[in-house]
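Engineer: What follows is a structure written as structure tokens; I'll ask about it next.
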Amino acid sequence: MNNIIGVGVSIVFIAIIMLAGKMFEKAGKEASRKFIHIMLSNWWIIAIVFFDNMWFAALLPAVFVVINYVSFKTDLIKVMERDEGDVNKDSLGTVYYAISLLVLALVTFGPIVNNPLIGLCGILVMGYGDGLAAVIGQAIESKKINIFGNSKSVAGSAVMFVVTCMILAGFFYYSHTAYWALKSVVIAGIMTLIELVSIKGTDNITVPMLTSLLAFLMI
């Protein structure tokens, strides 16, 4: 029964975030997109609370892989999509986001890992680390780093490192992992570099997947 309730709560949560995202459009399209990007990562907490079956945990991410792809092609959910003329208009970032949720739900809720907190690390780093890096990186003037055509700011990369470090430190400390602080710093450094070199929205796959994999290996 909890799994069914979880699906309902998830749908309501996603709808609220999408509607709230519309309000942020007054501050600019990118502001609304980043609000949605950050806040939707909290869905994983709902999943942990309600789901004890990997198929239920994977259901909505699977649906949104399709919905997000259709929206990318047709502007179905305008609040999520970039404006015409945006240099990253051809980025499949929203689709990659849903794919990461789907894969990590199957892996960490299922028998392969059976520890959704590992998936939580990856999803929160994608949501808050990458999301806040973009927001603060645009708000604070700092030197730009250009790699593979990516233009990222030093301020944004610093935010990515700090936020990732905090998320992993909390996870490793809670899990009573030896050398938790050192491991947090190491993974945060690696993920900051990965975020720098990932192009066309692929950081929505590389960041959560690799963060979760490294957390699993180091726990």
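The values are calculated or read from the model by the stated rules, or taken from the named source; none is laboratory data. Note that the structure is a prediction, hence the values are computed from the model and not measured. Neighbour counts run over all protein chains shown; Cβ positions are idealised from the backbone, glycine included.
Engineer: Pull up the stretch 1-58, narrow it to residues that are of a type in the set (S, T, N, Q) and surrounded by fewer than 18 Cβ atoms within 10 Å (Cβ to Cβ), then point me to the one that is nearest to Gly119 (Cα to Cα). Please lay out each step first, then the result.
Structural biologist: Of the stretch 1-58, the ones of a type in the set (S, T, N, Q) are 2-3, 10, 32, 41-42, 53.
Of the ones still in play, those that are also surrounded by fewer than 18 Cβ atoms within 10 Å (Cβ to Cβ) are 2-3, 42, 53.
Details: Asn2: 20, Asn3: 18, Asn42: 12, Asn53: 14 Å.
It comes out as Asn42.
Engineer: Here is a further query. Condition check: within 26 Å of Gln138 (Cβ to Cβ), surrounded by fewer than 14 Cβ atoms within 10 Å (Cβ to Cβ) and touching a helix residue (DSSP H, G or I) at 6+ places or on another chain (Cβ under 6 Å). Does Asp90 satisfy that? Explain how you work it out, then say what you get.
Structural biologist: Numbers: within 26 Å of Gln138 (Cβ to Cβ): yes; surrounded by fewer than 14 Cβ atoms within 10 Å (Cβ to Cβ): yes; touching a helix residue (DSSP H, G or I) at 6+ places or on another chain (Cβ under 6 Å): no.
Here the answer is no, as Asp90 does not meet what is asked.
Engineer: On to the next question. Looking only at the stretch 101-113, count how many residues are in contact (Cβ under 8 Å) with a residue 12 or more places away in the chain and either among the aliphatic types (A, V, I, L, M) or farther than 19 Å from Val49 by Cα (or both).
Structural biologist: Selection size over the stretch 101-113: 8.
Engineer: Under 8 Å between Cβ atoms, at least 6 apart or on separate chains: pull out the pairs that start in the stretch 41-68 with a residue that is charged (D, E, K, R) and end on any residue that is surrounded by fewer than 19 Cβ atoms within 10 Å (Cβ to Cβ).
Structural biologist: Asp52/Asn2; Asp52/Asn3
Engineer: Please report, ordered by residue number, the helices (runs of 4 or more DSSP H) entirely within the stretch 140-219 with at least 1 residues that are in contact (Cβ under 8 Å) with a residue 12 or more places away in the chain, farther than 11 Å from Val125 by Cα and of a type in the set (Lys, Arg).
Structural biologist: Values: elements: 154-174, 180-197, 203-218.
In the stretch 140-219, the matching helices (runs of 4 or more DSSP H) lie at 180-197.
Engineer: Now a separate question. Among Asn115, Asn204, which is the only one that is in contact with a Phe, Trp or Tyr (Cβ under 6 Å, 6 or more places away or on another chain), modelled with pLDDT of 95 or more and among the polar types (S, T, N, Q)? Let's see the steps before the verdict.
Structural biologist: Values: Asn115 fails: in contact with a Phe, Trp or Tyr (Cβ under 6 Å, 6 or more places away or on another chain).
None of the other options fit; the residue is Asn204.
Engineer: OK, next. Let me confirm something: among Val49, Val103, which residue is over 23 Å from Gly8 (Cβ atoms), modelled with pLDDT of 95 or more and of a type in the set (Val, Ile, Thr)?
Structural biologist: Details: Val49 fails: over 23 Å from Gly8 (Cβ atoms).
None of the others qualify; the one that does is Val103.
Engineer: Okay, moving on. Quick check on this structure: which one of Thr164, Thr108 is buried (at least 23 other Cβ atoms within 10 Å of the Cβ), modelled with pLDDT of 95 or more, under 19 Å from Phe35 (Cα atoms) and not small (Gly, Ala, Ser)? It would help to see each step written out before you state the result.
Structural biologist: Working: Thr108 fails: under 19 Å from Phe35 (Cα atoms).
Exactly one residue qualifies, and that residue is Thr164.
Engineer: Specify which of the listed residues (Gly127, Gly149) is at pLDDT 85 or above and of a type outside the set (A, V, I, L, M, F, W, C). Talk me through it step by step, then tell me what you get.
Structural biologist: Working: Gly149 fails: at pLDDT 85 or above.
Exactly one of Gly127, Gly149 is at pLDDT 85 or above and of a type outside the set (A, V, I, L, M, F, W, C), namely Gly127.
Listed here are the residues, each with its yes/no results for (1) small (Gly, Ala, Ser); (2) out of contact with any strand residue (DSSP E or B) (no Cβ under 9 Å at 6 or more places or on another chain).
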position	(1), (2)
Asn146	no, no
Ala155	yes, yes
Met166	no, yes
Gly170	yes, yes
Trp180	no, yes
Met191	no, yes
Ser198	yes, no
Leu210	no, yes
Leu214	no, yes
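Engineer: Identify, from the list Lys34, Lys26, the residue that is within 22 Å of Gly122 (Cα to Cα) and either of a type in the set (Lys, Arg) or not in a helix (DSSP H, G or I) (or both).
Structural biologist: Going through Lys34, Lys26 in turn, just one is within 22 Å of Gly122 (Cα to Cα) and either of a type in the set (Lys, Arg) or not in a helix (DSSP H, G or I) (or both): Lys34.
Engineer: For the condition of a type outside the set (S, T, N, Q) and part of a loop (DSSP other than H, G, I, E, B), what is the one hit in Val49, Val113, Val65, Val79? Break it down stepwise before answering.
Structural biologist: Numbers: Val49 fails: part of a loop (DSSP other than H, G, I, E, B); Val65 fails: part of a loop (DSSP other than H, G, I, E, B); Val79 fails: part of a loop (DSSP other than H, G, I, E, B).
Going through Val49, Val113, Val65, Val79 in turn, the sole match is Val113.
Engineer: Working only within the stretch 1-19, note down all residues that are without any contact (Cβ under 8 Å) to a residue 40 or more places away in the chain and either outside any helix (DSSP H, G or I) or within 13 Å of Lys78 (Cα to Cα) (or both).
Structural biologist: Within the stretch 1-19, Met1, Leu19 qualify.
Engineer: What residue, among those in the stretch 192-209 that are among the hydrophobic types (A, V, I, L, M, F, W, C) and more than 17 Å from Asn114 (Cα to Cα), is surrounded by the most Cβ atoms within 10 Å (Cβ to Cβ)?
Structural biologist: First pass over the stretch 192-209, keeping only residues among the hydrophobic types (A, V, I, L, M, F, W, C): 193-194, 196-197, 199, 205, 207, 209.
Now drop any that are not more than 17 Å from Asn114 (Cα to Cα), which leaves 193-194, 196-197, 199, 205, 207.
Values: Leu193: 14, Ile194: 17, Leu196: 18, Val197: 13, Ile199: 13, Ile205: 19, Val207: 26.
Top of the filtered list is Val207.
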